[in-house]
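Quick note: the coordinates plus some simple rules give every number you see, no bench work behind them. Note that the structure is predicted; figures quoted are calculated from it, not measured. All Cβ positions, glycine included, derive from the backbone under ideal geometry; neighbour counts span all protein chains shown.
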Amino acid sequence: MKLKFTKMHGAGNDFVVIDAIHQQIDFTPEQWRKLGDRRFGVGADQILLVERPTQPGCDFRYRIFNADGGEVEQCGNGSRAFVKFVAEKGLSQARSITVETKAGVIAPRLEDDGSITVDMGAPVLEPARVPFDADDLQGQPEGRDTLWPLVLELGGAREQVLVSAVSMGNPHAVQVVDDVDQAPVELTGPLIEHHTRFPNRVNAGFMQIVNRHHIKLRVYERGAGETLACGTGSCAAVVAGIRRGLLDSPVRVDARGGQLSIAWEGEGQSVYLTGPAVTVFEGEIEI
Ligand SMILES: N[C@@H](CCC[C@H](N)C(=O)O)C(=O)O
């Protein structure tokens, strides 16, 4: 079939966005991988589907596929692209919409200055619900957070890193590093992503604290590798930093592809993600 799509990005985290209301989409993992492939397809970190809602009270359903073809629960930067896409395509006149995802309902809002703020819901910190297997582990308390030791096998050598396990609907393992530019993201990112303590795999975040309202962040994403920015990764890092007593809301997040802002008032409260969304081009592909 000939598929119409829009190429978008949010701080360099790039997407193929598809109107699945007016096009019949039922792709195999191989077809998702082809769309995401930067040489044989369009190329993207994630593919986003705009569908009719299945839940009362929601405006749309939002489905997310990583470049590796796997369907996942949540994507923060993608949710900003989502609300811009439905506005540009005339699918909604509203500036604020409610969107059902595999991880619950989120609410993106177009701001007057062109940025987009998303109510991402409350973080989940209970290990079993991340999910993170902490059963036989001795955690190290820091502030109101628990730092978990993760043992990584590095070519015969063993290294231990301390991570916060946070779910923003999708799983994150966040560690603090001294210098994000020197952090071994490509080396240890894949080991953390596939660590057996994370049964659904995990997104690996490397956070450098600049000051109490400013971090630098790199994320090795599950199913996509290192991306230029990760919205849920930014939410998870700031939640971990606030709980550890290292950060205060709001926090500016410098990713390699742009800047995001995260606000969180604490326990049980929603995390708010603000940042840009950009339409790059429209296209059609035989798939
Ligand atoms: N880029 C995203 C997260 C996309 C999903 C992630 N790779 C996962 O597998 O959970 C974001 O902006 O949140």
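Could you work out which residue, out of L125, L152, L191, moves most in a Gaussian network model of the chain, that is, has the largest mean-square fluctuation with Cα springs under 10 Å?
Highest fluctuation of the listed residues: L152.
Check cross-link reach from K4 to the lysines: straight Cα distance under 18 Å, and skip same-chain residues fewer than eight apart.
K34, K84, K89
Using a 10 Å cut-off around each Cβ, can you sort V86, V42, V166 from fewest to most neighbouring Cβ atoms?
So the residues, fewest neighbours to most, are V42, V86, V166.
Among the DSSP beta bridges whose two residues both lie in the chain, what percent are antiparallel, rounded to the nearest 5?
80 percent
Once you treat every alpha carbon in the stretch 126-197 as an equal point and sum by Debye, what is log10 I(q)/I(0) at q = 0.19 Å⁻¹?
Treating every Cα as an identical point scatterer, log10 I(q)/I(0) equals -0.83.
Going through the stretch 25-117, which chymotrypsin sites (Phe, Trp or Tyr not before Pro) have at most 11 other Cβ atoms within 10 Å and a DSSP loop state? Could you put the intermediate results ahead of the total?
Working: sites: F27, W32, F40, F60, Y62, F65, F82, F85; in loops: F27, F40.
Here the sparse-neighbourhood loop sites are F40.
Where does each of T146, T98 land when they are ranked from fewest to most other beta-carbon atoms within 10 angstrom? Mind showing how you got there, number by number?
Details: T146 20, T98 16.
Taking fewest neighbouring Cβ atoms as first place, the list is T98, T146.
Could you give the DSSP H helices of the chain that reach 15 angstrom or more along their long axis (alpha carbon positions) and whose average Kyte-Doolittle hydropathy is no lower than -1.0?
76-88, 231-243
One quarter of the convex hull surface, Cα atoms only: what value does that give for the stretch 150-287 in nm²?
On the way: hull surface 40.9 nm².
Seen from a random direction, the Cα hull of the stretch 150-287 projects 10.2 nm² on average.
Modelling each spin label as a point 7 Å along the Cα-to-Cβ direction, I'd like the L137/Q182 distance in nm, to one decimal.
Roughly 2.6 nm, to one decimal.
Could you work out [θ]222 nm for the chain from helices alone, using -39500 (n - 2.57) per DSSP H run of at least four and dividing by all its residues? Round to the nearest 500 deg cm²/dmol.
That calculation yields -4500 deg cm²/dmol at 222 nm.
Of V17, V72, V161, which has the largest mean-square fluctuation in a 10 Å C-alpha GNM of the chain?
Sorting by GNM fluctuation, first place goes to V161.
Starting from the 7 Å offset along Cα-to-Cβ, what nm value, one decimal, do you get for the label separation of E88 and H213?
Rounded to a tenth, the inter-label distance reads 3.2 nm.
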